[in-house]
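Take a look at the structure set out below.
The values are calculated or read from the model by the stated rules, or taken from the named source; none is laboratory data. Because the structure is predicted, anything quoted here is derived from the model rather than measured. So basically every Cβ, Gly included, is an ideal-geometry build from the backbone, and we count neighbours across all protein chains shown.
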Amino acid sequence: MKKSDGKKIKDKIAVFISGRGSNLRSIIKYSNKKKSSYKVELVISNKKNAKGLLLAKKKAIKNCSIDFTESKKLTDIVLNLLKKNHIKLVCLAGFMKILPVYFIKSFKGKIINIHPSLLPKYKGLNTHKRVINNSEKFTGCTVHFVNKFLDSGKIIIQKKVRIKKDDNPKSIEKKVLKIEHKIYPQAICEVLSTL
Ligand code: GRF
């Protein structure tokens, strides 16, 4: 759809965070490009003091913190927020809470996540440490759809990163994050084009 000035109306997305928000920053940065098909409309954190919330405030993006629990009432509040704000896609970016199954079902096929490993390998936490301990030659990152199983939904984009002999979990994190920041905005546009 186009606005009266001929510009394309961008799809509205919500980003869920828990911490520093470096992926949120890259998602926002890309959204300002002409080629971006999305706009970050809403940022939700499950932690009041998440650094990423400050970024949302600075960029004048609607934001709030919600203590997600299995409670149906809270889930309904979030679902209403998504509806009210015409959110087309939810992007988890360092969101450290498992979403209630009821929420996943209600927003089916419209929640994606980024994970710092070459899924299906190394689901869960401390991926870089485990990759080093197993003397892997490659690691990477994956954007995938969210289903009720941890880090298990259909893969959207995946990129490899070579591990060098002198790498450690910190250096791997740095390399992988750089790639995460590139592929997540691309994956968002790719998914939105299919919705
Ligand atoms: C990223 O490595 C992401 O893949 C993982 O959590 C980290 C979040 O980092 N799910 P940030 O908050 O986006 O900086």
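For segment 106-123, filtering for residues that are within 24 Å of Leu195 (Cα to Cα) and either in contact (Cβ under 8 Å) with a residue 12 or more places away in the chain or in contact with a Phe, Trp or Tyr (Cβ under 8 Å, 6 or more places away or on another chain) (or both) leaves 10. Just one of the listed residues (Leu24, Leu99, Leu54, Leu92) is farther than 25 Å from His144 by Cβ and within 16 Å of the ligand (Cβ to nearest atom), and it is Leu54.
Residue pairs whose Cβ atoms lie under 9 Å apart, sitting 6 or more positions apart in sequence or on different chains, and linking a residue in segment 30-48 that is farther than 17 Å from Ile61 by Cβ and aromatic (Phe, Trp, Tyr) to a partner that is modelled with pLDDT under 95 and not in a loop (DSSP other than H, G, I, E, B), do not occur here. Residues being within 24 Å of Ser22 (Cα to Cα) and not aliphatic (A, V, I, L, M) are represented in segment 71-86 by at least one member. Taking the conditions (1) within 15 Å of the ligand (Cβ to nearest atom); (2) within 14 Å of the chain's Cα centre (by Cα) in turn, Lys129 satisfies each one other than (2).
Give me a count of the residues in segment 164-195 that are more than 16 Å from the ligand (Cβ to nearest atom) and among the hydrophobic types (A, V, I, L, M, F, W, C). Residues that pass the stated criteria total 4.
Assessment of segment 169-184 against the conditions (outside any strand (DSSP E or B), among the hydrophobic types (A, V, I, L, M, F, W, C), in contact with an Asp or Glu (Cβ under 8 Å, 6 or more places away or on another chain) and modelled with pLDDT of 95 or more) yields no matching residue.
For every residue, the table says whether it meets (1) within 13 Å of the ligand (Cβ to nearest atom); (2) touching a Ser or Thr at 6+ places or on another chain (Cβ under 6 Å).
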position	(1), (2)
Ile66	no, no
Thr69	no, no
Asn85	no, no
Phe103	no, yes
Phe107	no, no
Asn113	yes, no
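Ser135 fulfils the conditions (1) in a strand (DSSP E or B); (2) surrounded by fewer than 17 Cβ atoms within 10 Å (Cβ to Cβ) except for a single criterion, (1).
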